[in-house]
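Working notes, structure below.
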Amino acid sequence: MSKTYELALFYILDMRSKGCYPRRMNHRPDALVLDFVEWIAASPRRYSEVMEAWKTSCPRLTIWEDAIDQGLVQRCRIDGQLSIEATEAGRDLLAQTRQRFQSAHAGQNAVNPSLG
């Protein structure tokens with residue numbers, strides 16, 4: 001990769017995502033986006049770690065882009081390095097998803113106590 005391309009890519013990726021996507025998508029994120037957000041929410045990750053763990057054969061990382069577009073993760077700096085962290089909206093979505101799962105699981109156990 002050329003040095004010019006690296007610098008341009010770094011500049012683009014280093015832009016703060018907050019406010020870049022003021023309109024939130026009105027649909028629920030898919031399961032893979034939720035997995036991604038949950039992984040990021042556990043601990044902010046270095047950009048290079050995110051790219052290594054979530055690389056695909058596709059040149060565009062749609063899971064990563066979907067999470068950014070939906071305001072669920074954002075770019076930040078940790079110790080001067082470009083990193084990724086969950087946003088408040090991302091953490092709220094995870095909490096709501098867990099609550100729905102727990103409610104559904106409790107409802108199943110009420111119908112069939114042997115599932116507990």
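Rule-based calculations on the coordinates, nothing more; no lab input. Computed from a predicted structure; not experimentally measured. Please note: Cβ atoms are built from the backbone with ideal geometry, for glycine as well, and neighbour counts cover all protein chains shown.
For segment 76-104, the set of residues classified as surrounded by fewer than 16 Cβ atoms within 10 Å (Cβ to Cβ) and of a type in the set (D, E, K, R) consists of Arg77, Asp79, Glu88, Asp92, Arg98, Arg100, listed by residue number. Of all residues in segment 37-56, those that are in a helix (DSSP H, G or I) have Cβ atoms under 9 Å from Cβ atoms of residues that are buried (at least 16 other Cβ atoms within 10 Å of the Cβ) and charged (D, E, K, R), 6 or more apart or on another chain, in Val37/Arg91; Trp39/Arg45; Ile40/Glu85; Ala41/Glu85; Ala41/Arg91; Tyr47/Arg75; Ala53/Arg45. Contact annotation: residue pairs with Cβ atoms under 7 Å, 6 or more positions apart or on different chains, pairing a residue in segment 64-80 that is without any contact (Cβ under 8 Å) to a residue 60 or more places away in the chain and part of a loop (DSSP other than H, G, I, E, B) with a partner that is surrounded by fewer than 17 Cβ atoms within 10 Å (Cβ to Cβ) and of a type outside the set (D, E, K, R), are Gln70/Met25; Gly71/Tyr21; Gly71/Ala89; Leu72/Ala89.
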